[in-house]
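J.: Pasting a structure here, questions to come.
The values are calculated or read from the model by the stated rules, or taken from the named source; none is laboratory data. For clarity, every value in this text was computed on a predicted model and none was experimentally measured. Cβ placement follows ideal geometry from the backbone for every residue including glycine, while neighbour counts extend to all protein chains displayed. Surface areas here come from the heavy atoms of the whole protein model, side chains and all, with no ligands, DNA or RNA. Shrake-Rupley method; radii C 1.70, N 1.55, O 1.52, S 1.80 Å.
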Amino acid sequence: MKRRIYWVMLLLSAVGVVCASILTLGVTASQSMKEAEKSVCQLTDSISTSYNYMTLEEYKDVLTHLVDNTRATLITEDGTVLFDSNASAAQMENHLDRPEIQDALKTGTGEDARKSSTTQIQTYYYAVRLSDNCVLRLARQYSSLHSMVLSSIPGIIVVMVVLFGLAFLLSRRLTMWMMRPVEQAVRALDQAGMNSEPYAELKPFFSHIREQDQQIHDQEEILRQERETLGIIANNMREGLLLISKSGDVISINPSAIRMLTGREAGPVEFVGRNYLIVNRTQEMHACVKAALAGESEDAEFSMYGRVYHVYASPMVRLAEVQGAVVIVLDETQQRMAERSRQEFSANVSHELKTPLTSISGYAEMMENGMVASMEDIRTFSGSIHKEALRLIALIEDIIRLSRIEEEPRQENLLEPVKMDDLCGAVLESLEPVAQKAGVTMKLEGNVPAVLGEDSMLSEMVYNLCENAIKYNRPGGSVWVRLEEQAEEICLTVKDNGIGIPEDSQLRVFERFYRVDKSRSKQIGGTGLGLSIVKHVVEFHQGRVELESALGAGTEIHVFLPKQA
Ligand code: ADP
């Protein structure tokens, strides 16, 4: 910009100088011609009159002393040069052919302007016929345009140099003056606003930029919000989301996909822009992505790091062309485990029910076949049948309870405040005969605010915990039931100093039908469902359960339930 202005100014000044010089020189030249002609005419006329009063020699003397730049020539009627103030008359050629001489002889005066054959310089001639038909001719040289131009060149050069210098300085000033507001505006664009308007010519330019700036800003904001929303969704999705480009490179991957497909926590930077095989190399995943990139939707299930994943891959199509693949990964471990546990449960239930029924059927068959003769045997056999029947009933009751808890959806409006201290007191009271029979003492301490829950379920939970603490205890042992209020939860602890649970069974005791010592449990009427029911009740109440136990020292089970809001 600066350079362009400089060159324009330079050109303008050069053209200006040349034009001005030509014009000035032209005018000056024509002026000087007119001046020369006029003064030559006047001088000739005035000198011609004195011809009659002087001798020829006197007249020649006068002509010799004329002003420097004027040449005087005296010519006879036949063209012979009598006298010339600048040259030797004898050597000069006949002048009769000169137009001004001919005119003067004919009309009395004559003039001409031409290059002098003597001096070769542009000259103006004026001739007057004298009384004796001689002709007096005065001549004066013009300052020609060419000579004027030549003599002016140094001056023109000096003027041009000065003008170029001025043009340089001015162009710098001008561009600075023009560009400063624009530069300020550009700076202001980068900063907060653009409120200054330096001069009127820039007003439309500024308002246009301001409008566009606002539009860009608005668009950016919309895009930012959309990107943020998508980012939030992708980052918080439990499902894994993976976008793959046509060439198989990862475009985007969310934290769930990283966790599931790589089995570790990492940032997306590690994978974005690299081939998807770096994320997961399983055959199933590869087949799905390959199909999706070929335009087909595909899904597959595979196990990895002890978990079951299901991948769904679909092609990303734009303008009827596959641009890449979208892969959704679902963790189906829970569903598979639930399915397995249901299958196991059905098998276990059948087995658990079959055992007492087989015993009952065996005893009844023996009695039917008359194998039981004495009254004593009948009493023993019927006692066994009764015991097995009771076990069967207890088992069925526990199964029914468990199914009810499992299937019952949590309905907030049906929950009511439950006073845990009263509830625990009632449970301990109902278990008192059992505890006495087992030689175990029970103690309840602490009181807590009410929790929001289902009274019968919570009762069942406390009953199972306390019953276990009595059942798996020793004569003379103790059971402590403690209630504590914590910041956001209440904590129920059931502690005993009974037989304890071996470490490898501590995680499994909450599974259905799991018993540490099967025969002992059966003997004391255990179904293997008590702690399973406890776990489900706690989950129903959105709490958690923790177990601490040492073999031979006792067991401590903590149930944490959320406080009523
Ligand atoms: P069960 O009906 O057999 O008692 P549970 O589900 O209540 O079934 O308990 C599972 C197993 O956990 C029991 O068989 C027992 O071996 C063990 N157990 C539960 N509570 C205790 C405890 N307080 N002390 C020692 N062992 C326990």
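J.: Checking Val462 against (1) part of a strand (DSSP E or B); (2) more than 12 Å from the ligand (Cβ to nearest atom); (3) closer than 28 Å to Gln436 by Cβ; (4) open to solvent by less than 10 Å² (accessible area, probe 1.4 Å), which test does it fail?
T.: (1)
J.: Does the stretch 9-49 hold any residues that are under 58 Å from the mean Cα position of the chain (by Cα) and either over 30 Å from Val182 (Cα atoms) or touching a residue at least 12 places away in the same chain (Cβ under 8 Å) (or both), and which are they? Quick ask: steps written out before the conclusion?
T.: Of all residues in the stretch 9-49, those under 58 Å from the mean Cα position of the chain (by Cα) come to 9-17.
Selection gives Met9, Leu10, Leu12, Ser13, Ala14, Val15, Gly16, Val17.
J.: A further question follows. Kindly evaluate Leu431 against the criterion of being outside the structural domain of Lys518 (by TED's automatic domain parsing), open to solvent by less than 70 Å² (accessible area, probe 1.4 Å), within 25 Å of Val516 (Cα to Cα) and in contact with a helix residue (DSSP H, G or I) (Cβ under 6 Å, 6 or more places away or on another chain). Before the answer, list the steps.
T.: Working: outside the structural domain of Lys518 (by TED's automatic domain parsing): no; open to solvent by less than 70 Å² (accessible area, probe 1.4 Å): yes; within 25 Å of Val516 (Cα to Cα): yes; in contact with a helix residue (DSSP H, G or I) (Cβ under 6 Å, 6 or more places away or on another chain): yes.
No.
J.: Please go through the stretch 397-417 and give me each residue that is touching a Gly at 6+ places or on another chain (Cβ under 9 Å) and either open to solvent by 30 Å² or more (accessible area, probe 1.4 Å) or of a type in the set (D, E, K, R) (or both), ordered by number. Full working, then the answer.
T.: Step one: list which residues in the stretch 397-417 are touching a Gly at 6+ places or on another chain (Cβ under 9 Å), which gives 398, 415-417.
Within the stretch 397-417, Asp398, Glu416, Pro417 meet the criteria.
J.: Still on this structure: May I ask you to say which residue of Glu352, Glu339, Glu397 is touching a helix residue (DSSP H, G or I) at 6+ places or on another chain (Cβ under 6 Å), over 30 Å from Leu243 (Cα atoms) and outside any strand (DSSP E or B)?
T.: Numbers: Glu339 fails: touching a helix residue (DSSP H, G or I) at 6+ places or on another chain (Cβ under 6 Å); Glu397 fails: touching a helix residue (DSSP H, G or I) at 6+ places or on another chain (Cβ under 6 Å).
Result: Glu352 is the single residue among Glu352, Glu339, Glu397 that is touching a helix residue (DSSP H, G or I) at 6+ places or on another chain (Cβ under 6 Å), over 30 Å from Leu243 (Cα atoms) and outside any strand (DSSP E or B).
J.: Which residues, counting only those in the stretch 232-244, are surrounded by fewer than 17 Cβ atoms within 10 Å (Cβ to Cβ) and in contact (Cβ under 8 Å) with a residue 12 or more places away in the chain? Steps first, answer last, please.
T.: Step one: filter the stretch 232-244 for residues surrounded by fewer than 17 Cβ atoms within 10 Å (Cβ to Cβ), giving 232-233, 235-239.
Selection gives Asn235, Met237, Arg238, Glu239.
J.: Here is a list of conditions, (1) basic (Lys, Arg); (2) part of a helix (DSSP H, G or I); (3) within 16 Å of the ligand (Cβ to nearest atom), and Lys437 meets all of them except one; can you say which number that is?
T.: (3)
J.: Under 6 Å between Cβ atoms, which residue pairs at least 6 apart in sequence (or on different chains) link something in the stretch 427-446 that is farther than 14 Å from Lys471 by Cβ with a partner that is among the basic types (Lys, Arg)?
T.: Close Cβ pairs satisfying both conditions: Glu445/Arg482; Gly446/Arg482.
J.: Which one is nearest to the ligand (Cβ to nearest atom), of the residues in the stretch 474-495 that are touching a residue at least 60 places away in the same chain (Cβ under 8 Å) and open to solvent by 10 Å² or more (accessible area, probe 1.4 Å)?
T.: Checking each candidate, the answer is Lys495.
J.: Another question, if that's okay. I'm checking my understanding of the structure. Among residues of the stretch 512-541 that are of a type outside the set (A, V, I, L, M, F, W, C), in a loop (DSSP other than H, G, I, E, B) and touching a residue at least 40 places away in the same chain (Cβ under 8 Å), which one is farthest from Lys387 (Cα to Cα)? So that I can check it myself, show each step before the final result.
T.: Our first condition is that a residue be of a type outside the set (A, V, I, L, M, F, W, C); within the stretch 512-541, this holds for 512, 514-515, 517-523, 525-528, 530, 532, 535-536, 539, 541.
If we keep only those that are in a loop (DSSP other than H, G, I, E, B) too, we end up with 512, 514-515, 517, 525-528, 541.
Checking which are touching a residue at least 40 places away in the same chain (Cβ under 8 Å) leaves us with 512, 525-528, 541.
Numbers: Arg512: 22, Gly525: 9, Gly526: 12, Thr527: 13, Gly528: 17, His541: 34 Å.
Ranking the candidates gives His541 first.
J.: Any residue at all in the stretch 501-510 that's in a helix (DSSP H, G or I), within 12 Å of the ligand (Cβ to nearest atom), surrounded by fewer than 17 Cβ atoms within 10 Å (Cβ to Cβ) and at pLDDT below 95? Walk me through how you get there before you give the answer.
T.: Of the stretch 501-510, the ones in a helix (DSSP H, G or I) are 503-505.
From what is left, the residues that are within 12 Å of the ligand (Cβ to nearest atom) are 505.
Now restrict to residues that are surrounded by fewer than 17 Cβ atoms within 10 Å (Cβ to Cβ): 505.
Add one more test, that the residue is at pLDDT below 95, and what stays is 505.
Yes, because at least one residue in the stretch 501-510 is in a helix (DSSP H, G or I), within 12 Å of the ligand (Cβ to nearest atom), surrounded by fewer than 17 Cβ atoms within 10 Å (Cβ to Cβ) and at pLDDT below 95.
J.: Moving on. For Met457, which of the numbered conditions (1) near the ligand (Cβ under 9 Å from one of its atoms); (2) open to solvent by less than 60 Å² (accessible area, probe 1.4 Å) fails to hold?
T.: So Met457 meets the others, but not (1).
J.: Further question on the same structure: Report yes if some residue within the stretch 47-64 is within 19 Å of Gln141 (Cα to Cα) and in a loop (DSSP other than H, G, I, E, B); otherwise report no.
T.: Within the stretch 47-64 (the criterion being within 19 Å of Gln141 (Cα to Cα) and in a loop (DSSP other than H, G, I, E, B)), the answer is no, since none of the residues qualifies.
J.: Does Arg98 satisfy the criteria of being assigned by TED's automatic domain parsing to the domain that holds Ala36, buried (at least 19 other Cβ atoms within 10 Å of the Cβ) and either out of contact with any Leu (no Cβ under 7 Å at 6 or more places or on another chain) or acidic (Asp, Glu) (or both)? Walk me through it before giving the result.
T.: Values: assigned by TED's automatic domain parsing to the domain that holds Ala36: yes; buried (at least 19 other Cβ atoms within 10 Å of the Cβ): yes; either out of contact with any Leu (no Cβ under 7 Å at 6 or more places or on another chain) or acidic (Asp, Glu) (or both): yes.
So Arg98 fits the description; yes.
J.: Output the residues belonging to the stretch 330-354 that are under 14 Å from Glu388 (Cβ atoms) and open to solvent by less than 50 Å² (accessible area, probe 1.4 Å).
T.: Glu352, Leu353
J.: In the list Val308, Val317, Val327, Val322, which residue meets the criterion of being assigned to a strand (DSSP E or B) and under 30 Å from Ile399 (Cβ atoms)?
T.: Details: Val317 fails: under 30 Å from Ile399 (Cβ atoms); Val327 fails: under 30 Å from Ile399 (Cβ atoms); Val322 fails: under 30 Å from Ile399 (Cβ atoms).
Only one candidate qualifies: Val308.
J.: Could you list, ordered by first residue, the pairs with Cβ atoms under 8 Å in which the first is in the stretch 104-133 and part of a loop (DSSP other than H, G, I, E, B) and the second is among the small types (Gly, Ala, Ser), at least 6 apart or interchain?
T.: Going by the 8 Å Cβ cut-off, the qualifying pairs are Ser116/Ala139; Thr118/Ala87; Ile121/Ser144; Leu130/Ser48.
J.: Looking at the stretch 344-374, which of its residues are under 60 Å from the mean Cα position of the chain (by Cα) and of a type outside the set (Val, Ile, Thr)? Step through it out loud before you land on a result.
T.: First, the residues of the stretch 344-374 that are under 60 Å from the mean Cα position of the chain (by Cα): 344-349.
Correct list: Glu344, Phe345, Ser346, Ala347, Asn348.
J.: Also: Provide a single number: the residues in the stretch 1-36 that are under 30 Å from Arg140 (Cβ atoms) and surrounded by fewer than 17 Cβ atoms within 10 Å (Cβ to Cβ). Let's see the steps before the verdict.
T.: Start the filter on the stretch 1-36 by keeping residues that are under 30 Å from Arg140 (Cβ atoms), which leaves 18-36.
After this cut, where a residue has to be surrounded by fewer than 17 Cβ atoms within 10 Å (Cβ to Cβ) as well, the list is 18-20, 22-24, 26-28, 30-32, 34-35.
Number of matching residues: 14.
J.: Still on this model: Restricting to the stretch 546-556, name every residue that is touching an Asp or Glu at 6+ places or on another chain (Cβ under 9 Å) and more than 7 Å from the ligand (Cβ to nearest atom).
T.: Pass one, the stretch 546-556, residues touching an Asp or Glu at 6+ places or on another chain (Cβ under 9 Å): 546-551, 554-556.
Correct list: Glu546, Leu547, Glu548, Ala550, Leu551, Gly554, Glu556.
J.: Going by the conditions given, is Asn52 touching a residue at least 24 places away in the same chain (Cβ under 8 Å) and open to solvent by 50 Å² or more (accessible area, probe 1.4 Å)?
T.: On the way: touching a residue at least 24 places away in the same chain (Cβ under 8 Å): yes; open to solvent by 50 Å² or more (accessible area, probe 1.4 Å): yes.
Yes; evaluated as a whole, the condition is true for this residue.
J.: Being more than 7 Å from the ligand (Cβ to nearest atom) and hydrophobic (A, V, I, L, M, F, W, C) is the filter; apply it to the stretch 512-541 and report the residue that is modelled with the lowest pLDDT.
T.: In the first step, residues of the stretch 512-541 are kept if they are more than 7 Å from the ligand (Cβ to nearest atom); the result is 512-513, 518-520, 522-525, 533-541.
This time we only want the ones that are hydrophobic (A, V, I, L, M, F, W, C), so: 513, 524, 533-534, 537-538, 540.
Values: Phe513: 88, Ile524: 79, Ile533: 94, Val534: 96, Val537: 95, Val538: 95, Phe540: 93.
This residue is Ile524.
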